[in-house]
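The values are calculated or read from the model by the stated rules, or taken from the named source; none is laboratory data. Given the structure is predicted, the values throughout are model-derived calculations rather than measurements. Every residue, glycine as well, gets a Cβ built from its backbone with ideal geometry; the counts of neighbours run over all protein chains shown.
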Amino acid sequence: MAAAQQENPDKPVRPRSYYDRVYSDGFLGIIGDLQKARVLQDVVLEVGGRQFPCHRLVLSAASPYFRAMFTSGMAECHQKTVVLQGLDAAAFEKILRYIYSGTVIVSQDKVQSLYQAADLLQLDHVRGACSKYMALIVGRSTCVDLYKFAHVFSIESVLKECLPCIYRHFAKVASSEEFFSLSVNQLTEIISHDELDVTEETTVWEAVVRWVQHSREDRLHHLPSILPHIRFNLLTSDDKAAILEHPLVRENPESFEVRNLVKREASNPKRRGMDAEEMVLLFRSARRDDQDTREMLCVNPRSGEYMKFTDEGLAIVPAVLTATVTSDNDIYSLVKKHDDEVSLLRFNQPEHIWEEKLSFHRNTPKHCFDSPAEYLFEVDGHLYYLGVHLTSVSGKRGVSVVMRKHQWLTGRRQDCSKPRYDKLRVPLAVSCGGQIYLFTDTEMHRYDPSQDRWSRGTPPKTIPEPYTAVTMGTEIFCADATLSNMAVYDVETDSWRELPGWSDTDRNPIPRGGFFALEGHLHALVDFHNPRDNDDFVDDEDDSEVGGDQRIYVYDRLAGTWRDSQVTLPHGRWRKRGSGLPVARILPRQYDFTDCRTLFEPSSVACHGFLVSKQK
């Protein structure tokens, strides 16, 4: 370049820009340091009685609201102290931290006031961060409050999360204080929806009654506009008669119109929750024609109907390691992601797809020589992961337990205390009465989440190798792999009692099935060896092509015998995942199937299933 300049010194050189990344990256840091040192500040903002010295130039650069305030000739241009009304001081402190650092910290207790401040000050990034955070913390205890807030500010992304949650948990949220503060328009928007998960329409009527009576004088006149959204055609004649005699109807100023609304003959469709069926969930991972296939089967043992979901040919969803159903009827499964990392998936009932909620490392101990026994439990609204590993160090074998608590609303994960094992055995684990029980035939360990403490109990000594267990009420039913040795544990008395086991000598179960509880009855998925039956699916955990005969049995506790439910399962090898098999209320699809696809988004949501059939 220099040589060319010398040969032709008059040739012009175009201007060039030289970007100083160090200066750019450090500019906010310098401004932040000036703010902390209280140097060159020329205005004081007063919020909620607190004073915040600031720089007009910095505020104007960050916020269109401040830019207009300080450059448009308003009185604030010359005032030393400017009072901002209607803002929360703690939220505004977070706003200032963002203005001077570019980072905003969002927490559950301040997310709404922070959004309000960002909305007033026109800070789009902070509003977006608050919207994303609110969508993450939507749950049964927060959905109504967040719905009301999002409704006021028209935050569509949050509304899309809140409404399905309200529909799913309507029977419970309809008794909350937040529900009573809904506006009449918000109430009617909710109760008019087909997706409301209620088993009977009286639940909707009772919710409306509680809402009106919460502020009777102000709300009674709204009743004629609310009642058309209640589906009286779904009620029995006795239910209608009781409603007509209710004080809200008899004493209503527009009683004649209200009575006609109750009596009217309409053809409103059933709510979706009314068609929900309690079903046991079965899983399998198989290979056919050199392709991996994952399947989930939902079976109703009473009717024999089932729904089968498959993910044929896709490698993005590994086999389910374990699964659980929470008290809110949320279905979670744990799948292996890669190496030691696992993903926690939640089954989206309305869409019938699995969604990834989080991923984490299992912290598998070194020197493990076998696959871990893994469990998921929900206790008091928190999800617990429990992994039990067999280890071998310098020829000495042992048992290592990894236990972690997941707090959804805060996003925190914390390690829990661990029990000490005396012998080398992989235990069973179940939750019952707000506690977690971990046991073998010689040891019983009981975990109290409120104390983060383990204690010892009485083990099931009459079952040589416990294989499956399930909770019903305050009792834990347990059996070996062949169901020949059975016992029931009373958690209140810490005592076991033997039960008559499998007695059919002509057909002997093989280890693959497991217990589950459905409508107060003990059931078992029972697997029989059938060497004449070849299965074109080869299970990943068993390379044998020999098929099996699986059936569902019901236990008659009075007679002490197992009865065949006569339910025929689709051909395949459905395996036990965890101590027992999960049971959930499954909502039907409105259509037969959806395209199988993957959404590669930052949230890592994967749609990986479609309905194959609903059959008897």
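Of the helices (runs of 4 or more DSSP H) contained entirely in region 1-108, those carrying at least 3 residues that are modelled with pLDDT of 85 or more fall at 56-62, 64-71, 89-101. Considering the conditions (1) buried (at least 18 other Cβ atoms within 10 Å of the Cβ); (2) outside any strand (DSSP E or B); (3) small (Gly, Ala, Ser), Ala487 is excluded by exactly one of them, (2). Among the residues of region 107-135, write down those that are of a type outside the set (Phe, Trp, Tyr), buried (at least 18 other Cβ atoms within 10 Å of the Cβ) and under 27 Å from Arg168 (Cα atoms). Passing the criteria: Val111, Gln112, Ala129, Cys130, Ser131, Met134, Ala135.
Residues considered: Leu438, Leu390. Of these, the only one that is surrounded by 14 or more Cβ atoms within 10 Å (Cβ to Cβ) and at pLDDT 90 or above is Leu438. Being part of a loop (DSSP other than H, G, I, E, B), over 26 Å from Ser359 (Cα atoms) and in contact with a Ser or Thr (Cβ under 8 Å, 6 or more places away or on another chain), is that true of even one residue in region 408-423? Yes. Only residues that are at positive phi and touching a helix residue (DSSP H, G or I) at 6+ places or on another chain (Cβ under 7 Å) were counted across region 75-107, and they come to 1.
Take the residues of region 205-231 that are without any contact (Cβ under 8 Å) to a residue 40 or more places away in the chain and of a type in the set (Val, Ile, Thr): which is nearest to Ile243 (Cα to Cα)?
First, the residues of region 205-231 that are without any contact (Cβ under 8 Å) to a residue 40 or more places away in the chain: 205-224, 227-228, 230.
Going one step further and asking which of them are of a type in the set (Val, Ile, Thr), we end up with 208-209, 212, 230.
On the way: Val208: 12, Val209: 10, Val212: 14, Ile230: 12 Å.
Across region 205-231, the extreme among qualifying residues is Val209.
The condition of being crowded, with 19+ Cβ neighbours inside 10 Å and of a type in the set (Asp, Glu) holds for only one of Glu178, Glu217, Glu201, Glu257, that being Glu201.
Checked against the criterion of being charged (D, E, K, R), within 27 Å of Arg168 (Cβ to Cβ), in the same structural domain as Val299 (by TED's automatic domain parsing) and modelled with pLDDT under 90, the candidates Glu519, Glu601 yield just one match: Glu601.
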